[in-house]
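Here's the structure we're looking at; comments come further down.
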Amino acid sequence: MLHQASHTLAIRASRPGLHELTKDVASWVENSGIQDGLVTIFCRHTSASLVIQENAAPAARRDLEHYFERIAPEGAGYEHDDEGPDDMPAHLRSALTSTQLSIPVQNGRLALGIWQGIFLFEHRRNTPERQIVLHLVGE
């Protein structure tokens, strides 16, 4: 029989950049009682995003953060700056990544690869609290 479960994580990052959520999501999935299915992870914001990325080498995360700073820099003459100079670059960075991830669940665990982690990619300097919605469907 198919079951569903949902949960919301409230996260305030300490700084812009990548912040790993893997343990929080994995713990919730393991405690759900659902053994096989699909978890959807959704970021309810337009200036932050979600990525699956290397979770063992901090240099890989730093390089990714620096890359996004170069391709969507502050002070590039954007028209939209309602919430400050980091507002439009945050929207661009979010549009280039994703606000939703889907990950298979097998035997009550996330089916991630050995070096994969789930990250909130915070694109704002003022780092507001973010709502990350989890929804699991399976049996």
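Tell me, which residue of region 42-62 that is out of contact with any helix residue (DSSP H, G or I) (no Cβ under 8 Å at 6 or more places or on another chain) and not hydrophobic (A, V, I, L, M, F, W, C) is farthest from residue 121 (Cα to Cα)?
So, considering only residues that are out of contact with any helix residue (DSSP H, G or I) (no Cβ under 8 Å at 6 or more places or on another chain) and not hydrophobic (A, V, I, L, M, F, W, C), the one farthest from residue 121 (Cα to Cα) is 58.
Going through region 7-29 one residue at a time, which ones are part of a loop (DSSP other than H, G, I, E, B) and exposed (fewer than 12 other Cβ atoms within 10 Å of the Cβ)?
Step one: list which residues in region 7-29 are part of a loop (DSSP other than H, G, I, E, B), which gives 12-16, 21.
Across region 7-29, the qualifying residues are 12, 14, 15.
Out of the residues in region 30-56 that are in a loop (DSSP other than H, G, I, E, B) and polar (S, T, N, Q), state the one that is surrounded by the most Cβ atoms within 10 Å (Cβ to Cβ).
The first filter runs over region 30-56 and keeps only residues in a loop (DSSP other than H, G, I, E, B), leaving 33-36, 44-47, 55-56.
If we keep only those that are polar (S, T, N, Q) as well, we get 35, 46-47, 55.
Working: 35: 14, 46: 13, 47: 21, 55: 19.
The residue in question is 47.
List the pairs whose first member sits in region 17-46 and is closer than 13 Å to residue 131 by Cα, whose second member is among the aromatic types (Phe, Trp, Tyr), and whose Cβ atoms are under 7 Å apart, counting only residues at least 6 apart or on separate chains?
Matching pairs, first to second residue: 21/119.
Does residue 81 count as surrounded by fewer than 16 Cβ atoms within 10 Å (Cβ to Cβ) and either polar (S, T, N, Q) or not in a loop (DSSP other than H, G, I, E, B) (or both)?
Details: surrounded by fewer than 16 Cβ atoms within 10 Å (Cβ to Cβ): yes; either polar (S, T, N, Q) or not in a loop (DSSP other than H, G, I, E, B) (or both): no.
No.
Considering only region 97-104, I want to know if a residue exists there that is surrounded by 15 or more Cβ atoms within 10 Å (Cβ to Cβ) and either over 25 Å from residue 30 (Cβ atoms) or among the small types (Gly, Ala, Ser) (or both). Break it down into steps so the answer makes sense when it comes.
Within region 97-104, the subset surrounded by 15 or more Cβ atoms within 10 Å (Cβ to Cβ) is 97-99, 101, 103.
From what is left, the residues that are either over 25 Å from residue 30 (Cβ atoms) or among the small types (Gly, Ala, Ser) (or both) are 97-98.
Checked region 97-104: at least one residue is surrounded by 15 or more Cβ atoms within 10 Å (Cβ to Cβ) and either over 25 Å from residue 30 (Cβ atoms) or among the small types (Gly, Ala, Ser) (or both).
Tell me which residues, restricted to region 108-126, are surrounded by fewer than 18 Cβ atoms within 10 Å (Cβ to Cβ) and either assigned to a loop (DSSP other than H, G, I, E, B) or among the charged types (D, E, K, R) (or both).
108, 109, 111, 112, 113, 114, 115, 125, 126
For region 81-97, check the following and say yes or no: at least one residue is under 17 Å from residue 9 (Cβ atoms), touching a strand residue (DSSP E or B) at 6+ places or on another chain (Cβ under 8 Å), touching a residue at least 24 places away in the same chain (Cβ under 8 Å) and of a type in the set (Val, Ile, Thr). Steps first, answer last, please.
Of the residues in region 81-97, the ones under 17 Å from residue 9 (Cβ atoms) are none.
The answer is no, given that none of the residues of region 81-97 is under 17 Å from residue 9 (Cβ atoms), touching a strand residue (DSSP E or B) at 6+ places or on another chain (Cβ under 8 Å), touching a residue at least 24 places away in the same chain (Cβ under 8 Å) and of a type in the set (Val, Ile, Thr).
Readers should treat all values here as calculations from the given coordinates under stated rules, not as data from a laboratory. Keep in mind it's a predicted model, so treat the numbers as computed, not measured. Cβ atoms come from the backbone with ideal geometry, glycine included; neighbour counts cover every protein chain shown.
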